[in-house]
Every structure is written in structure tokens, then in C-alpha cells.
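Notes to accompany the following structure.
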Amino acid sequence: MLEIKNLHAEVEGNKILRGIDLTIKAGEVHAIMGPNGSGKSTLSYVLAGKDDYEITEGEILFFGEDVLEMEPEERAAVGMFLAMQYPIEIPGVANMTFLKTALNAQRQTRGEPELKTPDFMKRVKELSAKLNVTQEMLRRPLNVGFSGGEKKRNEILQMALLEPKFCVLDETDSGLDIDALRIVSEGVNALRSEERSMLIITHYQRLLDYIVPDVVHVMSQGRIVKSGDKDLALELEEKGYADYTGGAAA
Amino acid sequence: MTLTVVKTPSEEALAALLDGAQAALPGKDFASVRADAVEKFRSEGLPNRRVEEWKYSDLKRVMPKDLSLAGEVSADNISKQMAVVPRLRGLDCDRLVLVNGVFRADLSDLDALQGKVSLTPVSKALEEGAFVLDELEIAKGDRALTLNTALLQDGVILDVADGVELERPIEILSLMIGGGLATTRNRVSVGKGAKAFILETFVGDEQAYQVNEAIDFRIADGASLSVSRLLSEGVNALHLGSTTAILGEKSHFEHFTMSTGGQFTRNTAFIKFTGEFSDAELFGATIIGRNQHSDQTLLVDHAVPNCNSKEQYRTVMDDKAQGVFQGKIFVRQPAQKTDGQMMSQALLLSEDAAFFNKPELEIFADDVQCAHGATCGELDEDLLFYLRARGIPLDKAKKMLVLAFLAEAVEHVSNDAVVDALEGFIADWLGLDH
């Protein structure tokens, strides 16, 4: 589904990604762990198409298509989704209006008919109930005044509604208490299927107790330095990242 | 004594028009007041960039030199224009209509408000010698008002009786058709403890025309008045608008201006507190493009203690548009415990657009809270990215953010139906579904 080949990216001359190679097949859930500053969030933004980064080498293929040639909205329409670490507040845009506009914009780009308001409302209601997203949160401006947990649940609601083929979850566990972590994880697990793949970026192993990955990668200094199964995450939790950062970390 | 400093062709044209029109204008008793105003214009000429208050809005440069009074229009033509001009639609309201500066009783209906609101056309009051200018000190000598007095044709005088609470807005709609100059002055008095909502609408066709309109709000003790003012003039219009408001004790005044239209628009509001424990909230949303020019000028006069004023204006400019905000809060020496907050925020969508932002405070009392702020920026890249990352194309994402920026000002309007209609109006302007 997704192939990243020798990807190099930099910001204002600072090299952040230094040759990422990663292949994710349909239905697989991969986790990327790594210390602060290893380039995890940069990888997620580069996948989504944020233009603060300069790609100096390498390629990203999604179902064989060159992702780096696509605008962010085109990537979304072909089925890529980034659940953001810091979902942005947008005053003046009602959450519900935003959801409907996003869904219908994607459908329009794909040449599908618009979802009519009653059908849309029904779907949103079903999904929001499962994620404990209240009617009031749907009426409010997008993410404005939402708690950390509410923002993350709202991200997963968007993911569930937009039904992407490939999801990147960038530190979705940060800022969540135990209950919110469970709700978010259940929401994510409900979306696991043979046609949908995920890339989960996290600092901590805890999230991976809830969302069990098929493959775990360790990222350090802009490269993937080790890959293994879910036990690798447990090992990291125990030993820390010192082995992968030249032993400097305490 | 004749002091004539008229220079430019447009000033000469306007002077000729002023002289020629005097005999035909209503109200013999008002003639000397007009004559004074004409004389004042002759000595001062049109305001231009050398006059501080008009520094960014040079009327001398934009006033056309072929000037005439707007003419009569057929009923057929009026209904045609009413159907196509961009305005708030689907609102449940009572309506008064002025066409080319003349009140049209045949198109207006206030019957439902009999006993609650009285209506007198200004032309009738002028003829009967009953029209008295009620100028504010801070508005004295204002150039647009001087011209208004010199050419005053008509308008409506509305009196909302004491204690009456009106359920739906009264719209005063001004329509311009076929070009020419029109001059009106309206007055709305809200009686003690009364409550009203006024919607002012300015629309017109694509001909070059000039509107000079003024409206005076007199808000009695304990009264509450909300005003939403929609400037949706035709693409070639020149609009000079002056609003004055006098607030009594424990009164409330909410004033919202939505401006999209016209080639050149200058809007001035003069607000004066004369009774304690009153609030004025003044908001505005402007969105302009092409080479439009829009100026919002504001003077708030705190003359008595314990009053609050809050001003929040948002301006969006695209292409080569120019926006101006000038806001001044006076706090006179007796006006202790004044709370005055003024904010002007601008969003520039193009590198060729320009905004002049001039907030001022003049404070003579020592126990007050006053603040002003001004910002000028572009659309936030992070917000755009978030919307695009969810599949919303760039152009649509930009429009959504512009609507959101202005909606924050619109949402201060206290009538939900008007808020919906205004947001729909902006969405239409932007070409967004809603």
C-alpha cells in the first residue's frame, strides 16, 4: 500500500529525515517509536504534505502513485489521513460544518456523489456516540475550547467518518488520561481492517497495549534503526532508547 | 463676503449642483440652514488627504465631475432590481423603502406597528418646518454631514413609543437605480424602556451613483437598540455614511456594520454617552476586493461616568483593495469608571491590498480602563493545512477561513435570524455553499 524509499527531508537547511525506508502492506499496523527529535512528527507531516519541509531525496508511493507530487487535499482524497498531535483550533468554523465540507470535498474529488444532509447526520451521530463526542462538541467551533482528550477523540471521529485507507496517528496518546486512551484505542481498533493500514507514532509502549501493532520500528536521527514485532516495544520500554542514540541518553 | 476656493472640476460640478438644487429641495424654513452648509462647502471644498480625518480617503480625488441628482424610477424597474441586488433575504421584518433618496410610501409597510411606532417622512417634516438638525458636538463640521445638510432630500423619522418591545426588525432599505446623487437623513428614536432592532440596507444597480446618507439614533433612558447595517452598494457606487447615536441612562446600543459593496465607501459613526450605566457595542465586518476602498471611522464620546464601549472591526481585503479603520475614544474628565475597548483586525489576501489602521485614545479622566489593539495579517498556514489535510481544496479552505474570520464579528449580533442571514450573505459573496 505505502512505500517510502530513501526519504530525505530538511527544514531551513537542517536535515531531519536521513533516508527512511518503510513498506506497509494492506491491513498492517506499524508503530514507530523513538526519542524526541528523531524525526517522527516530521515523517507524519511529510506524508500529509505540509509544505514547511523540503524533500531532498527519495520517494513516497501510495498504491504505486507518487505522493510527493500531490497537494495535501489530493492525498486526503486518495485515502491518506493524519491524526494530528496538536489538532488546531479554528474559531468560526463549526465542527459539523467542517466534517460535512471535508467529507463532501473528498467525495467530489473522487467523483462520488455528495452525501445528503440526513444521511450525513445519521453517520456522524452513530460514530460520535461511540467516541463519546457530544452534540455540543459537534456544534462548537472546530476544536475551540476542547480539552486535550476531546481534541483527540474528534480526530478519530474525523478518521472514522472519512474512512481513509491509510492512517497516521501522530502521538495520539499524548495528553490522554486512561479512560480517554481506552475510548480512542477502541475507536482506532474498530477501524482496523484488511484493507486499511496504520502507522502509529508514539513515545510510549502503553498505547501499543491497546492498539497491538504488527511491526514496531525504532527511529533515531532521521532513520529507522531497528524493526521487530510487538515485543520490541516492550524491550524499549524496559531499556530506553540509549542503545539507539549512541548511548548518550540517560 | 464670498470666499471661493473651489478648484477641481468635481468641486465645481458639485457647487453648481448645490446652487441649482436649492430651489427644488423641500422645506422653506430649512433654506437658511442649507445655505450655511453650501457656504461652508464653498469655503472648504471636498475633503482630501490634507484633512486629517480624511487622510486615507481622499474624496476630492474620487468624486466624479459629471454630477446630477438621481431621477425617478418606474415601479417595474424597482421590482426588477429588488429581485437581483445582494441583500439579506428570507428575514421576517417590517420594511421602509427609499428609492434614489426619496421615501416611497407605496413600497413601505408599517401598518402592523400602529400605535407602537410612528413614521414621518423627512420631506414632510421639512415642509412643515418641523425638521431640526440635532448635531453632536463631535460631529460638528464633519464634511460629509455638511454636504448632507446642503442637499438633504428625504428620509424617515421613526419614533418607537416608550416601553414598546418590537418583535421583529424594521428594515430601512435604500435602493439606487439609474445613477445620480441622493441625499437622505433618517432618525430613529427609541423611547424610554423600549426595545427595537433596525436593519439598514443599502443596495443599487451597476450605474455610477453617489449616496450621502445619515442616520441619527436617539436612545432614551433604559432603552435598547440593535442596528445591523448592510452596505451592499453597486460596483460603481460612492457611499458616504454618517451615523450618530446619543445614549441615555442605562441604555444599550448594539451596532453592526457589514460592508461589501461600492467602489468608495466612507462610514463614520459618532457615539455619545449622556447618561450613566450605558453600553455601546460597535462591530463591523468588511470584505472588499478589486480596487474597492472602504473606510470605517469611529468617534466615541464618553462624557459621563460608568459607561462601557466596545469596538471590534474586522476587515478582509483582496486584490488591490484598500481598507481604513480610524477609531477614537474620548474619555472626558467627568467620565470616571469608563471601560473602553477597541480592536481592529485586518486580513490581507493579496500582496497588493493595503490597510490603514489608526486607533486612538484621548483620556482626560484618571480612573478608567481603556485599551486598543490593531492587527494586520495573512491567512494562517497551519489552519489552511489542517483543512486541506482533511481533503478541502485550497481555494475553498481559504474561503472557509475568511468566512470564519468575519463570522466572529457577525456573531455579536443579538438576533439569530439576522446572524444566519448575514453569514449566508458573506458565503454568497465568497461563492461558498451554506
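Can you work out which of the residues in region B:184-238 that are more than 17 Å from the chain's Cα centre (by Cα) and charged (D, E, K, R) is surrounded by the most Cβ atoms within 10 Å (Cβ to Cβ)?
B:Asp205
If you go through region A:181-210 one residue at a time, how many are open to solvent by 10 Å² or more (accessible area, probe 1.4 Å) and touching an Asp or Glu at 6+ places or on another chain (Cβ under 6 Å)?
Selection size over region A:181-210: 1.
Condition first: within 26 Å of B:Ala208 (Cα to Cα), part of a helix (DSSP H, G or I), open to solvent by 60 Å² or more (accessible area, probe 1.4 Å) and in contact (Cβ under 8 Å) with a residue 40 or more places away in the chain. Can you find one or more residues in region B:43-63 that meet it?
Within region B:43-63 (the criterion being within 26 Å of B:Ala208 (Cα to Cα), part of a helix (DSSP H, G or I), open to solvent by 60 Å² or more (accessible area, probe 1.4 Å) and in contact (Cβ under 8 Å) with a residue 40 or more places away in the chain), the answer is yes, since at least one residue qualifies.
Give the residues of region B:311-333 that are free of Cβ contacts under 8 Å to residues at least 60 places away in the same chain, open to solvent by 10 Å² or more (accessible area, probe 1.4 Å) and in contact with a His (Cβ under 9 Å, 6 or more places away or on another chain), sorted by residue number.
The answer is B:Arg332, and nothing else.
Taking region A:132-144 on its own, how many of its residues are in contact (Cβ under 8 Å) with a residue 12 or more places away in the chain and surrounded by fewer than 21 Cβ atoms within 10 Å (Cβ to Cβ)?
The number of residues fulfilling the criteria is 6.
For region A:149-169, indicate whether the set of residues that are surrounded by fewer than 22 Cβ atoms within 10 Å (Cβ to Cβ), touching a Ser or Thr at 6+ places or on another chain (Cβ under 7 Å), under 30 Å from A:Phe98 (Cβ atoms) and acidic (Asp, Glu) is non-empty.
No, there is no match, as no residue in region A:149-169 is surrounded by fewer than 22 Cβ atoms within 10 Å (Cβ to Cβ), touching a Ser or Thr at 6+ places or on another chain (Cβ under 7 Å), under 30 Å from A:Phe98 (Cβ atoms) and acidic (Asp, Glu).
Can you tell me which residue in region A:43-61 is most open to solvent (accessible area, probe 1.4 Å), limited to those that are more than 8 Å from every other protein chain (Cβ to nearest Cβ) and under 15 Å from the mean Cα position of the chain (by Cα)?
The extreme case among them is A:Tyr45.
Can you confirm whether A:Leu115 is more than 9 Å from chain B (Cβ to nearest Cβ) and open to solvent by less than 60 Å² (accessible area, probe 1.4 Å)?
Yes; evaluated as a whole, the condition is true for this residue.
Restricting region B:381-405 to residues that are farther than 13 Å from A:Pro72 by Cα and of a type outside the set (Lys, Arg), which is farthest from the other protein chains (Cβ to nearest Cβ)?
So, considering only residues that are farther than 13 Å from A:Pro72 by Cα and of a type outside the set (Lys, Arg), the one farthest from the other protein chains (Cβ to nearest Cβ) is B:Val402.
Closer than 20 Å to A:Pro87 by Cα, β-branched (Val, Ile, Thr) and out of contact with any His (no Cβ under 7 Å at 6 or more places or on another chain), is that true of B:Ile426?
no
Specify which of the listed residues (A:Asn154, A:Asn132, A:Asn143) is in contact with an Asp or Glu (Cβ under 7 Å, 6 or more places away or on another chain) and of a type in the set (S, T, N, Q).
The conditions single out A:Asn143.
Residues to consider are A:Arg75, A:Arg110; find the one that is over 17 Å from A:Ile201 (Cα atoms) and surrounded by fewer than 17 Cβ atoms within 10 Å (Cβ to Cβ).
Within the list A:Arg75, A:Arg110, the selection yields A:Arg110.
Counting just the residues of region A:62-93 that are within 10 Å of another protein chain (Cβ to nearest Cβ) and aromatic (Phe, Trp, Tyr), which one comes out farthest from A:Asn104 (Cα to Cα)?
Here the residue is A:Tyr86.
Looking only at region B:267-290, which residues are open to solvent by 10 Å² or more (accessible area, probe 1.4 Å) and hydroxyl-bearing (Ser, Thr, Tyr)?
Of everything in region B:267-290, those that are open to solvent by 10 Å² or more (accessible area, probe 1.4 Å) and hydroxyl-bearing (Ser, Thr, Tyr) turn out to be B:Thr274, B:Thr286.
When region B:389-420 is examined, which residues are found to be open to solvent by less than 30 Å² (accessible area, probe 1.4 Å) and assigned to a helix (DSSP H, G or I)?
B:Ala389, B:Ala397, B:Met400, B:Leu401, B:Val402, B:Ala404, B:Leu406, B:Ala407, B:Ala409, B:Val410, B:Val418, B:Val419
Kindly provide the set of residues from region B:199-210 that are assigned to a strand (DSSP E or B) and in contact (Cβ under 8 Å) with a residue 40 or more places away in the chain, ordered by number.
Across region B:199-210, the qualifying residues are B:Leu199, B:Thr201, B:Phe202, B:Val203, B:Gly204, B:Tyr209, B:Gln210.
For region A:20-36, does any single residue satisfy the condition of being part of a strand (DSSP E or B) and open to solvent by 40 Å² or more (accessible area, probe 1.4 Å)?
Yes, that holds for at least one residue.
The values are calculated or read from the model by the stated rules, or taken from the named source; none is laboratory data. Computed from a predicted structure; not experimentally measured. Using ideal geometry, Cβ is built from the backbone for each residue, glycine included, and neighbour counts are taken over all protein chains shown. In case anyone asks, the SASA skips ligands and DNA or RNA and just uses the protein heavy atoms, side chains included. Shrake-Rupley method; radii C 1.70, N 1.55, O 1.52, S 1.80 Å.
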